[in-house]
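Comments concern the structure below.
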Amino acid sequence: MPSVLLHLSTMTAHDLKKYLPSRRGRWSGSLFIKCLVGIMCIFFFGTVAVFSFGGMKHRARLDLEMEPDNVIRTMRQGLAGISPAELKARAESPFCHELLQAMVSDLIDARKDLWRRYNRSLAFHEDYFLIVRYRDKDTVCEYVTKRPGDLPPLIDEMEAQARQTGAAAGMRTEISASNSWITVASLPVEGAPETFVTLGVQVKMHPLGVIFPELRAAGHVLIHLTFISFLSALLLAAYVVRRIRRAERVAAEWALGNLGVRINDPGRDEFGRLSAAFDHMADVLGKNIEVKQSLAASEERNRLARDLHDTAKQRCFVLGLRLSLLARICQDDPKRTELVQSALELTKLVQSDLADVIQRFSWPTIAQAGLLKATTDSLDILFQGSDINWSIDLKPEEAAELESEPFWAGQLLLITTEAAANVLKHSRASNMKVSFHSEGETGFWIIEDDGCGFDESRVSGRGMGLSNMKQRAESCPGGHLVIKGGPGCGTVLKVIFDYSESTKSEDRDANDNNIGG
């Protein structure tokens, strides 16, 4: 579709600047920065939320496992596979410290998997204190971490309580000042009187401990999150903003009157459908403008026809009457009579020419009647009073497809009327036929008659009618004009053009209507 210059007389330069891309403040407050920061925040805080959820699940599971009753039950399960004699031998060994350390996972988690997971969670590496003590009448062996914390007096207290009651004793306490909690359990060893195994655990929670599995990895995780979030946000923001800027440039072209450009967004998402809707709107608007221009041209032609009829034609008529009167007055003077008759004949020719011009101005247009009816009415007016039989072979659906591009259809109509005028004036034909058919993507608009034909050597002449028809044919997509015939063989005029363009326009309109629905 050719560019259409919109009527911008009411739009000032200041108003137009609002529709054009501005480079001032390109980064500050731009959609790209907003998308970049927004998506980074979503990625970052979303990932932190996932880690936090996992950390809280670890904390809740650890709290449950470290309840005194659960710890006592787990200690019994861990000691069930060790006989009192073997346990005593470990305590009396010079390596009792290492042997008790090896028993920690059995005493806290006999299944091993929970302990391995907990041992790497909730900042244990920094603020984790543990004591395991074996005591009988003769031997005491302890495994103590480097910093025992608040555990030693509580270990003694629970061991004394178990000795006093002869049953397992346990406690759980939280120290809000240090944000830590303590679990201590003392268990009598079955089959070995006055023998106890006591376990104490203190965990000091770090503020980031709930979020990150290992506090020492927090810095690496933060760097990783920032880098991944930035790259993801950069790609997504660039993708979104690039599509929006394309639409912005096209909208600026539309504001300048160039309705031939399209967004042509390849996406099938919401923005792609919105862009397709805007492209369809530009198509409809361009066609409406063309139709309005055609109607305006038709109204102007009708006005000119009325003006010519009411002024020049009427004055020619009056001039003819006065010349006729003058001829009667001067009938005794042969020379004057001859001069007056010559002027009278010239006046009749002027009247005939004006009648022909007025008739052409009054022909219907495609915007008014459609291609089929406009062509029919034009030929009916042109051949009225002649002996030429004429016909049109054009199906309504084909006419509708051609009308989807009013400019091309208008060229075909003008070529037809020019060719019909030539048939009327020069061919001495009895029959003329206008037809249309397509072969694949090629359309053929054919005008043929059975007249006297023409001299091929004169086809390439500079006659304005033939030149105009060639130019009009070439203004259609891929169009050109072919004329065949010879003396006594009639004439065949073919306009060959790319018919697929009009069908593509129809398909595009249908698709856009489906999108809109």
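Each reported figure results from applying straightforward, stated rules to the coordinates on display, with no laboratory input. Computed from a predicted structure; not experimentally measured. No Cβ is skipped: glycine too gets one built from the backbone with ideal geometry, and neighbour counts run over all protein chains shown.
Would you mind getting me the FRET efficiency between N431 and Q471? Use the beta-carbon distance for r and R0 = 45 Å, nearest 0.05. Present the calculation step by step, with values, prior to reporting the outcome.
Values: r = 28 Å, r/R0 = 0.62.
In this case the efficiency is close to 0.95.
Which of the residue pairs K292/K348; K425/K484; K348/K470; K335/K425; K287/K425; K395/K470 have a Cα-Cα distance greater than 28 Å in the structure shown? The answer is K292/K348; K348/K470; K335/K425; K287/K425.
Efficiency by 1/(1 + (r/R0)^6): what FRET value for R245 and R268, r their Cβ-Cβ distance, R0 = 25 Å, to the nearest 0.05? Show your work: numbers first, answer last.
On the way: r = 20 Å, r/R0 = 0.79.
That pair, R245 with R268, gives E of 0.80.
In nm, what is the difference between 0.36 nm times the number of residues separating K484 and I223 and their Cα-Cα distance?
Values: separation 261, 0.36 × 261 = 93.96 nm, distance 7.93 nm.
My answer for the length gained is 86.0 nm.
Distance between the modelled labels on V50 and S391, one decimal in nanometres: 7.5 nm (7 Å Cα→Cβ projection). Summarising the label geometry, the points placed 7 Å from Cα in the beta-carbon direction at E194 and A238 lie 7.9 nm from one another.
Between Q384 and A312, the simple spin-label model (points 7 angstrom out along Cα→Cβ) gives 2.0 nm.
Within 10 Å, Cβ to Cβ, of R172, how many net charges do the neighbouring residues add up to if Lys/Arg are +1 and Asp/Glu are -1? Each step should come with its number before you reach the end.
Details: positive: none; negative: D63, E67, D69, E174.
My count for the surroundings of R172 gives -4.
With R₀ fixed at 25 Å, the C-beta to C-beta distance from K348 to V291 puts the FRET efficiency at about 0.05.
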